[in-house]
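The values are calculated or read from the model by the stated rules, or taken from the named source; none is laboratory data. Note that the coordinates shown come from a computational prediction; the quantities given were computed from them, not determined experimentally. In this analysis, Cβ positions are derived from the backbone assuming ideal geometry, glycine residues included, and neighbour counts consider all displayed protein chains.
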There are 4 protein chains.
Amino acid sequence: MSGSVYGELFKVTTFGESHGKGIGCVIDGCPAGLLIDMDTLRKFIARRRPGQSKVVSGRNESDDFEIVSGVFCGKTTGTPITFFVKNNDADSSSYSDLEDKYRPGHADFTYDVKYGFRDYRGGGRSSGRETLGRVLAGAIAKMILDQMGISVFAYTESIGDYKVLDLDLSFRDKSPLYMPDRAVSEEAVSFIDELKREGDSVGGSIRCNIDNLPAGLGEPVFDKFDCELSKAIMSIGAVKAFEMGDGTLVSKMRGSGNNDAFFLNDNKIEKRTNHSGGVLGGITDGSLVSFSASIKPTPSIRLKQKTVNRDGQEIDLEIKGRHDPVIVPRAVVVVEAMASIVTVDMLFRNMSSKLSEVIDFYR
Amino acid sequence: MSGSVYGELFKVTTFGESHGKGIGCVIDGCPAGLLIDMDTLRKFIARRRPGQSKVVSGRNESDDFEIVSGVFCGKTTGTPITFFVKNNDADSSSYSDLEDKYRPGHADFTYDVKYGFRDYRGGGRSSGRETLGRVLAGAIAKMILDQMGISVFAYTESIGDYKVLDLDLSFRDKSPLYMPDRAVSEEAVSFIDELKREGDSVGGSIRCNIDNLPAGLGEPVFDKFDCELSKAIMSIGAVKAFEMGDGTLVSKMRGSGNNDAFFLNDNKIEKRTNHSGGVLGGITDGSLVSFSASIKPTPSIRLKQKTVNRDGQEIDLEIKGRHDPVIVPRAVVVVEAMASIVTVDMLFRNMSSKLSEVIDFYR
Amino acid sequence: MSGSVYGELFKVTTFGESHGKGIGCVIDGCPAGLLIDMDTLRKFIARRRPGQSKVVSGRNESDDFEIVSGVFCGKTTGTPITFFVKNNDADSSSYSDLEDKYRPGHADFTYDVKYGFRDYRGGGRSSGRETLGRVLAGAIAKMILDQMGISVFAYTESIGDYKVLDLDLSFRDKSPLYMPDRAVSEEAVSFIDELKREGDSVGGSIRCNIDNLPAGLGEPVFDKFDCELSKAIMSIGAVKAFEMGDGTLVSKMRGSGNNDAFFLNDNKIEKRTNHSGGVLGGITDGSLVSFSASIKPTPSIRLKQKTVNRDGQEIDLEIKGRHDPVIVPRAVVVVEAMASIVTVDMLFRNMSSKLSEVIDFYR
Amino acid sequence: MSGSVYGELFKVTTFGESHGKGIGCVIDGCPAGLLIDMDTLRKFIARRRPGQSKVVSGRNESDDFEIVSGVFCGKTTGTPITFFVKNNDADSSSYSDLEDKYRPGHADFTYDVKYGFRDYRGGGRSSGRETLGRVLAGAIAKMILDQMGISVFAYTESIGDYKVLDLDLSFRDKSPLYMPDRAVSEEAVSFIDELKREGDSVGGSIRCNIDNLPAGLGEPVFDKFDCELSKAIMSIGAVKAFEMGDGTLVSKMRGSGNNDAFFLNDNKIEKRTNHSGGVLGGITDGSLVSFSASIKPTPSIRLKQKTVNRDGQEIDLEIKGRHDPVIVPRAVVVVEAMASIVTVDMLFRNMSSKLSEVIDFYR
């Protein structure tokens, strides 16, 4: 038990169910003195809100958050920061008929087995709405990184067979799919429209880049930078694969092609290529940290499905309600949030690596 | 700092450098009463030893371990179990000329940046030899799982472009590559021979299945079963991607094809397919847990490479010594070890999920 | 950083400042299936509320709590339980003149040094009001213990020189001091009245007994039952000493007098005495667990004090506002709460001590 | 389970049993670059060795340690440091008749209950010999503190009724009891001689001072500096009480007498008194950190005792072997070790308290 806490020094706890009283998080270990820019915060969390375009769920959830603790006079105090968001649009009625049914691809069955019963309304704790707490915590982490000149930028790399070809990062926020290739994005939107009509859904993938990171982050041998990223990204519902740098491609590579040669650039040690995705031995090497996540298709589909119920009867299932035909676009900001949380935690954890730096710190 | 400890309740710390005095691990949290079968232990760790066939390194490391603590009269006592293996074949001389050189694909540069200097002999702490501690701890975990009827079985799924086609698990241990397809294994061996002559290396992938797991393991939302697996597997040096179930394939799937339908089998709720790899919402669902890991090609190759040294000079590098042309076969047992450690930890963590079960336990 | 989380498996995070928006806690790791008895909950937290008698602060804080998550249909679901209490009676005006003054015996100076600034209103995070989150979490822990037949009972053992002589536990809740000796309690009340007039305060001590605990709880060598208790109890503001069993008295004892002889009582192994307070080697031995805590006098006193301000000027300080002349009576329930949280955590942690019991659990 | 690991960033795991193959520790999170002075190390651990004077056990344990990992070219590398000490003088024969007997005041019974059986030789894991691992780790911590100008100094404050009156710290190391008062030390030695003849033992207390600590250490609200100290010190076998500053005395104090007034000393904010023992709100305030520990009398006494055996029979017990008539003098260095470990961990944990300092660190 106790799996709702992430991080060692920048420790994030999320709480709340989809259709309970509310959703939120507590951040313990945020340094004092961070100015909270409410506008940045609101824009960041707006990116995961449904109801923004026709490719995502038609639900109109309110994400009006409240900062309950840890901020005084607009600045963090070093004490736990608590965010709370009331659940307003919690229309549970469309779920009541799911009380005893096990939706394929969902956690209904496993929660029932593990806990003996479950809050069946809207997926309860396993709902995508849980990620709101992550995004709020991630927004704080991202503000810290901003102050340090570090950027975390994720985007949709593919939707089904539609894959970004002509990368134009400036287009990302103009695409309803956060897909930075105008032509491909438009094709993907059409494809999703078709899927919606069919009552089906599709998967996709997200790439995330962390830029301007200092070299030296990551704690071998178990808490390597990429291991922590992997755990955090895989913890986002629907993520089924994590790839660092070239990822699965390395299995077909030769050493002579996969090794990134070091060279000197303006007296700085750099790498000519970056197959490794910015880490060596689990420690950041100063190049761009790059990873990708594969997202499964939304399991809630309108098409009739075979399943069983709690009483052990085989039944036909038709899922009503407003569901995203593709999770990917709304997950982009969640990936950025989790990557930011990991990065901040690893920045803090690295501070006692060299004795000379510890001594200097306290001088 | 402090990244050499894995697990919450079954807590494993590995220690030691490739060419220091020795290598080992401490397991804190192993239950009392496990009979230690020395023969099983020896066989398990023998699987990662080099010098066993022509496809792996010619080094003849001794892996004679000693149990220093935690076992009395052949049984675990519940106190920390310490394994220690002396480094015998520690011929550091072939490394002394690497003291100030940064090998591409290795952690030389990043250790130097992070810690200010490094034990350069044989990769020091970032050496593959560190995994010996993991395999010893994993052997204990596997013995616990054996007692519970749970099996953990990994195998080489691909080497470069050679991929298992006609799966025959019984052949795994007969293949020098632990590749359970006689024909493909033989082809891959020939390919590796060629690579050796060329002084190059290649990557591959490993699949691992955990069978007979109870449903209900995994702690949402951050410590899901697959998240913990992902972190543990990615922590094995050279692993660059982790895939749960169908993994990256899900990005191209539709919900109607990716959802695993529930049905009743002999009054038990099962799934007709297992795209998800045995977890739903991060909790095991009682079906086979299946994941794969992509391994990069050995970075130590004989071919001349461009790199830089510590003093910031560009140099040519020729790596001598005995190196594996492919890491995959020796990593198979490491994957099994880490998967076993995770599984035992999650089994223990799940025990307080239901109040009724806690009350029964103490009755 | 990150010090607001306690526990391994039953993990409690408290949040909130005295005069911020509210106070609360998140409990991660509470088993599913606990029926929440709101009446029990309300009664328990009422015990720490000020304004109940003339011996405690005249403030009339509302402690109306809300359960934000983790409970469905009146039962815990196994997901994080969040309690939230709005700060109503947050009259900050009497504190505004304390903004830059360092009150002796308070954490004003140290928070400023550590974090650079502080929420000065009512002590901010270091306020006694923070304990409300602990009491709410402790109430849940206590309900779990109730189900297992384990009781946690604390009482005021002394106030200044007034010490319980004729122990009558049934009187505890009738004493405004939670002091189970009618005559001594009445004398102590008179003494406190006098102190109030003088504008001074006094310390005291609390004893806590945990009854009916199974033997075997506690994880040697660092997470012994008494070590965890000690940390948790010392974390309550104003506690300056922790004593297990006979506590400081042991320093004057001889082995022959301090050893507790084992004997057989109805075929059960028991101890004739209990100097050790129910633990041996940090593991519960089945006898009554008994410890005490020494509480310092309330640092907020009306009497004029010398101090300095933030600008480094020496000043005279007169503290206004409504303050408890003695913290002890309100701390009794906080001690019970923390002891309950520790006990539940140790009960869960002990469940994987014996392999045979783990195997039985999953059979 | 898993209670043999202490610390968050400076993480110490001890392992080993009294009469097993050996004893040791792993330190994970020691910064790179610490020069290991072997002479300092040997002197430090020599202080806990038995056989040094007539007031301690006549056993002549060898404490020849080996550094197995984490040190290269005389400096720490940032990777886990492992110490190993072989058990030489492991004469188990005098213990074999204790196999099924439960010694009063020892953990024999509780280990048997918790784990089902135990390594009965010399107390196994609950032996005082386990502290050797702590002292080795503490020596490393102390070397770090030395580099930062922080001292940790403990001494025997009392043995039975003999209490230091005329404190002369320079005498500490001349007293076989580490008791810095020549006259009292001599009286106590005579008293102990008498006890030895009688076959009895006695308790005592230890005071420890940490000097020159920066203000700001300690993580409210659960991981306060004094809470962490309390847990660590209580974890030393035989410690039954922990007192911060004035400790139990505060229960009788008034606020006007217990509050430490701030004043300006050479433009620095200091306190005129230090009743609090150097912490306020759990955070160090820049004054001397001072605490004390009460140690119970050695439970192993020659006098005949009543007890029971494993089979549930009442028996008479006569303990043979060489036992310390008082544990205190050998525990002094263990207290210093644990206090040093806590201090280093809290120094590291504090480094991310202020955002401005984190930004400066990475600039």
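Can you find a residue in segment C:195-209 that is hydroxyl-bearing (S, T, Y), over 13 Å from the mean Cα position of the chain (by Cα) and not in a helix (DSSP H, G or I)? Yes, the conditions are met somewhere in segment C:195-209.
Here are some residues: D:E99, D:E61. Which one is crowded, with 16+ Cβ neighbours inside 10 Å and modelled with pLDDT under 90? Please lay out each step first, then the result.
On the way: D:E99 fails: crowded, with 16+ Cβ neighbours inside 10 Å.
Just one listed residue meets the conditions, D:E61.
Which residue is nearest to the chain's Cα centre (by Cα), if the candidates are limited to segment C:140-166 and must be under 30 Å from D:G255 (Cβ atoms) and aliphatic (A, V, I, L, M)? If we take residues in segment C:140-166 being under 30 Å from D:G255 (Cβ atoms) and aliphatic (A, V, I, L, M), then C:A154 is nearest to the chain's Cα centre (by Cα).
Working only within segment B:286-301, note down all residues that are closer than 13 Å to B:L213 by Cβ and hydroxyl-bearing (S, T, Y).
Quick first cut of segment B:286-301, residues closer than 13 Å to B:L213 by Cβ only: B:286-291.
Result: B:S287, B:S290.
Remark: pairs (first residue in segment B:337-355, within 7 Å of another protein chain (Cβ to nearest Cβ); second residue acidic (D, E); Cβ separation under 7 Å; 6+ apart in sequence or on different chains) = B:R349/B:E8; B:R349/B:E219. Filtering segment A:17-32 for residues that are at negative phi, buried (at least 24 other Cβ atoms within 10 Å of the Cβ) and within 10 Å of chain B (Cβ to nearest Cβ) leaves an empty set.
Scan segment A:142-160 for residues that are in contact with a Ser or Thr (Cβ under 9 Å, 6 or more places away or on another chain) and part of a loop (DSSP other than H, G, I, E, B) and the total you get is 2.
Among the listed residues C:S185, C:S190, which satisfies the condition of being of a type in the set (S, T, N, Q), surrounded by 17 or more Cβ atoms within 10 Å (Cβ to Cβ) and either in contact with a Cys (Cβ under 7 Å, 6 or more places away or on another chain) or at pLDDT 95 or above (or both)? Steps first, answer last, please.
On the way: C:S190 fails: surrounded by 17 or more Cβ atoms within 10 Å (Cβ to Cβ).
Result of the check over C:S185, C:S190: C:S185.
Screening the candidates D:L288, D:L303, D:L317 for the property of being away from chain C (no Cβ under 12 Å) and either farther than 30 Å from C:V308 by Cβ or among the hydrophobic types (A, V, I, L, M, F, W, C) (or both) yields one hit, D:L288. Among the residues of segment C:173-187, is there at least one that is in contact with a strand residue (DSSP E or B) (Cβ under 8 Å, 6 or more places away or on another chain), free of Cβ contacts under 8 Å to residues at least 24 places away in the same chain and within 9 Å of chain D (Cβ to nearest Cβ)? No, segment C:173-187 contains no residue that is in contact with a strand residue (DSSP E or B) (Cβ under 8 Å, 6 or more places away or on another chain), free of Cβ contacts under 8 Å to residues at least 24 places away in the same chain and within 9 Å of chain D (Cβ to nearest Cβ).
Scanning segment A:217-231 for residues that are facing chain B (nearest Cβ under 7 Å) and among the aliphatic types (A, V, I, L, M) returns a single hit, A:V221.
Say we look at segment D:214-229 and pick out the residues that are within 21 Å of D:G286 (Cβ to Cβ) and without any contact (Cβ under 8 Å) to a residue 60 or more places away in the chain; which of these is surrounded by the fewest Cβ atoms within 10 Å (Cβ to Cβ)? Spell out the reasoning first.
Quick first cut of segment D:214-229, residues within 21 Å of D:G286 (Cβ to Cβ) only: D:214-221, D:223-229.
Those still in the list that are without any contact (Cβ under 8 Å) to a residue 60 or more places away in the chain too: D:224, D:227.
Numbers: D:K224: 28, D:C227: 30.
Step by step, filter segment D:214-229, then rank; the result is D:K224.
Looking only at segment D:238-253, how many residues end up being among the basic types (K, R) and either in contact (Cβ under 8 Å) with a residue 12 or more places away in the chain or touching a helix residue (DSSP H, G or I) at 6+ places or on another chain (Cβ under 7 Å) (or both)? So that I can check it myself, show each step before the final result.
First, pick out the residues of segment D:238-253 that are among the basic types (K, R): D:240, D:252.
Filter again for either in contact (Cβ under 8 Å) with a residue 12 or more places away in the chain or touching a helix residue (DSSP H, G or I) at 6+ places or on another chain (Cβ under 7 Å) (or both), leaving D:240.
Count: 1.
Select from segment C:309-319 the residues that are charged (D, E, K, R) and not in a strand (DSSP E or B) and write down the one among them that is farthest from D:F263 (Cα to Cα). This residue is C:E318. Checked against the criterion of being surrounded by 24 or more Cβ atoms within 10 Å (Cβ to Cβ), charged (D, E, K, R), in contact (Cβ under 8 Å) with a residue 24 or more places away in the chain and under 30 Å from A:F262 (Cα atoms), segment B:281-293 has no qualifying residue.
Contact map, segment C:113-133: first residue closer than 21 Å to C:F83 by Cβ, second residue in a helix (DSSP H, G or I) and modelled with pLDDT under 95, Cβ cut-off under 6 Å, separation 6 or more or different chains; pairs are C:G122/C:Y95. Report the residue count in segment D:182-216 for those that are out of contact with any Leu (no Cβ under 6 Å at 6 or more places or on another chain) and under 30 Å from D:M148 (Cα atoms). Result for segment D:182-216: 10. Here is the figure for segment D:95-141: residues that are part of a loop (DSSP other than H, G, I, E, B) and charged (D, E, K, R) total 5. Picking from residues in segment B:1-15 that are more than 7 Å from chain A (Cβ to nearest Cβ) and part of a loop (DSSP other than H, G, I, E, B), the one that is surrounded by the fewest Cβ atoms within 10 Å (Cβ to Cβ) is B:E8. Residue pairs whose Cβ atoms lie under 7 Å apart, separated by 6 or more positions or on different chains, with the first residue in segment B:97-111 and more than 8 Å from chain A (Cβ to nearest Cβ) and the second among the aliphatic types (A, V, I, L, M), are B:K101/B:I315; B:K101/B:L317; B:R103/B:L317; B:R103/B:I319.
Please pick out the residue among D:D211, D:D246, D:D200 that is closer than 27 Å to C:S201 by Cβ and modelled with pLDDT of 95 or more. Steps first, please.
On the way: D:D211 fails: closer than 27 Å to C:S201 by Cβ; D:D200 fails: closer than 27 Å to C:S201 by Cβ.
Only one candidate passes the filter, namely D:D246.
May I ask you to verify whether B:S235 is touching a residue at least 40 places away in the same chain (Cβ under 8 Å), among the polar types (S, T, N, Q) and at the interface with chain A (Cβ under 7 Å from one of its Cβ atoms)? So B:S235 fits the description; yes.
Of the residues making up segment D:320-331, those that are in a helix (DSSP H, G or I) and either over 26 Å from D:S158 (Cα atoms) or within 14 Å of chain C (Cβ to nearest Cβ) (or both) are D:V328, D:P329, D:A331.
For the condition of a type outside the set (F, W, Y), at pLDDT 95 or above and within 30 Å of B:K224 (Cβ to Cβ), C:P80 qualifies.
Could you tell me which residue of segment A:240-284 is farthest from B:R310 (Cα to Cα), considering only residues that are among the acidic types (D, E) and facing chain B (nearest Cβ under 8 Å)?
Here is the first cut: in segment A:240-284, the ones among the acidic types (D, E) are A:243, A:246, A:260, A:266, A:270.
Cutting the leftovers down to facing chain B (nearest Cβ under 8 Å) gives us A:243, A:246, A:260.
Values: A:E243: 30, A:D246: 27, A:D260: 17 Å.
Within segment A:240-284, the match that is farthest from B:R310 (Cα to Cα) is A:E243.
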